[in-house]
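The values are calculated or read from the model by the stated rules, or taken from the named source; none is laboratory data. The model shown is predicted, which means the values in this text are computed figures rather than measured ones. Glycine gets a Cβ as well: all are built from the backbone with ideal geometry, and neighbour counts include every protein chain shown.
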Amino acid sequence: MKRKILEKMADWKRKSNGKTALLIDGARRVGKSYAAEEFAKTNYKSYILIDFNEAGREITELFEQNLRDLDSLFMFLTAAYNVKLYERESVIIFDEVQLCPRARAAIKFLVADGRYDYIETGSLLSIRKNVKDIVIPSEERHLKMYPMDFEEFLWASGEETLWEVIKTCFEKKQPLSQALHRKAMTLFREYMIVGGMPQAVSEYLVSKDFEAVDAVKRDILFLYRADIAKHAAGYEAKVLGIFDEIPAQLSKHEKKFVLSALGKGIKSRDYESAFLWLKDSMIVNICYNSTEPNIGLGLNRDNSSMKIYMGDTGLLISHAFDENGIVTEEIYKKLLFGKLEVNEGMLFENIVAQMLAANERKLYFYSNASKTDRNSRMEIDFLLAKSKVTDRHNISPLEVKSGKNYTLSSINKFRNKFSGQANIPFVLHTENLSEKEGILYLPVYMTGLL
């Protein structure tokens, strides 16, 4: 599985030259451990992988002791793992480092020593339990890792050439040939329903068995539930309540998360820690309402108005259709061909949120439910800020359309009301690329190129 994060890791190694450790953060099962070991194999003379999920006390206690004697530490590690270390040519990987906070704290001394490089991987790295009683080292460079995006899915499927065509057409604002567009949409639907978790993708490419893929995804969802029960101590019921409600909330026409669905009289401040836990775990992507679509969308963020998307759309499908314990082959095939009588809008909007997040975009939408001014009443799925800020036209409204028949009343209202800040509007849909009346219509598989 070729992953884009390997290029970012190479950039870190080249620029850091031992002055920082690399910390890879991501949800469970997105491929952090695989990426770290793959990078070590191809970029270093030797490496030691310390998996703190398996390491015994004789290893973890090394980091509880006086770290001034690093010669003894390295001597013990080389003997324990039967690996010879070479100065400036070896890397030590701390896998699942959240399970040994003292090892993470030791990074300060290890980086200062300078003999070797260090890569840390982990999940739930910022929750209180995993940073208690340690000083978080400033010598870490953080990289977030997400599920596989569509380009990585095409690489794994042996369709690198198709992606190059898609990219060229996007850059030239030209439609693909109808044959290639149909092929790209079919592959995109496969990606959407399988998802981007590497184990699920691997199972699908090997077996083409959707029920086997669904079993893999359900194992991952079980792990997430176990993590919530174990690590969200004190408010695990609230976290599970939100987690279980996500599919129902996304299936509504307005996909904003409504707290009243969790019970009567609930206030947002009572659930603040639960929302933050889910966000930090990277199980979900949270999209906030920006009440003033202008430069600095976060400055006008309404924390009480949000949409909560699953971090992986394949997992959302297994999470949503769980009445019989497994999603059948028949349901998957109907989803693949768009024949299932279900609100596909929730799947398309979730996959767009997933791909925007993978591009490290913070997610914002715009919603105004005015009852007195119909020209101000609108709902824009996503707001995209330009990479280079100018005096005007910095924010692009983006709408996601899963069907062929739709209206653009909200985009048109947005362009009129915020004419000074509105940049090129985008519509992501299932049709080919086109441009009409100042609106750029893109096939949804081009989302990752925005």
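Some values worked out for this structure:
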{"quantity": "Test for F52: is it surrounded by 14 or more Cβ atoms within 10 Å (Cβ to Cβ) and over 30 Å from G196 (Cα atoms)", "calculated": "no"}
{"quantity": "Pair list, Cβ < 7 Å and 6+ apart or interchain, from the stretch 95-107 residues that are closer than 15 Å to I24 by Cα to residues that are assigned to a loop (DSSP other than H, G, I, E, B) and of a type in the set (S, T, Y)", "calculated": "Q98/S123"}
{"quantity": "Condition check for K183: more than 26 Å from M1 (Cβ to Cβ), charged (D, E, K, R) and in a helix (DSSP H, G or I)", "calculated": "no"}
{"quantity": "Boolean, I119 is crowded, with 17+ Cβ neighbours inside 10 Å, under 18 Å from A35 (Cα atoms) and among the aliphatic types (A, V, I, L, M)", "calculated": "yes"}
{"quantity": "Which listed residue, of L276, L335, is assigned to a helix (DSSP H, G or I) and either surrounded by fewer than 15 Cβ atoms within 10 Å (Cβ to Cβ) or under 19 Å from the mean Cα position of the chain (by Cα) (or both)", "calculated": "L276"}
{"quantity": "Candidate set: the stretch 371-386, residues that are outside any loop (DSSP other than H, G, I, E, B) and over 15 Å from M306 (Cα atoms); chosen: the one nearest to the chain's Cα centre (by Cα)", "calculated": "L384"}
{"quantity": "Counted residues, the stretch 279-308 - those being assigned to a strand (DSSP E or B) and not acidic (D, E)", "calculated": "14"}
{"quantity": "Flag if L85 is touching a residue at least 40 places away in the same chain (Cβ under 8 Å) and in contact with a strand residue (DSSP E or B) (Cβ under 8 Å, 6 or more places away or on another chain)", "calculated": "no"}
{"quantity": "Members of the stretch 144-173 that are outside any helix (DSSP H, G or I) and exposed (fewer than 12 other Cβ atoms within 10 Å of the Cβ)", "calculated": "G158, K173"}
{"quantity": "Search result, residues across the stretch 187-232 that are outside any helix (DSSP H, G or I) and either surrounded by fewer than 17 Cβ atoms within 10 Å (Cβ to Cβ) or over 16 Å from the mean Cα position of the chain (by Cα) (or both)", "calculated": "K208, D209, A232"}
{"quantity": "Options L77, L110: the member that is out of contact with any Phe, Trp or Tyr (no Cβ under 9 Å at 6 or more places or on another chain), of a type in the set (A, V, I, L, M) and either in a helix (DSSP H, G or I) or at pLDDT below 95 (or both)", "calculated": "L77"}
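Results for (1) buried (at least 16 other Cβ atoms within 10 Å of the Cβ); (2) more than 23 Å from the chain's Cα centre (by Cα); (3) not aromatic (F, W, Y), shown as yes or no for each residue.
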{"residue": "G26", "(1), (2), (3)": "yes, no, yes"}
{"residue": "G31", "(1), (2), (3)": "yes, no, yes"}
{"residue": "A36", "(1), (2), (3)": "yes, no, yes"}
{"residue": "E58", "(1), (2), (3)": "no, yes, yes"}
{"residue": "L73", "(1), (2), (3)": "yes, yes, yes"}
{"residue": "L77", "(1), (2), (3)": "yes, yes, yes"}
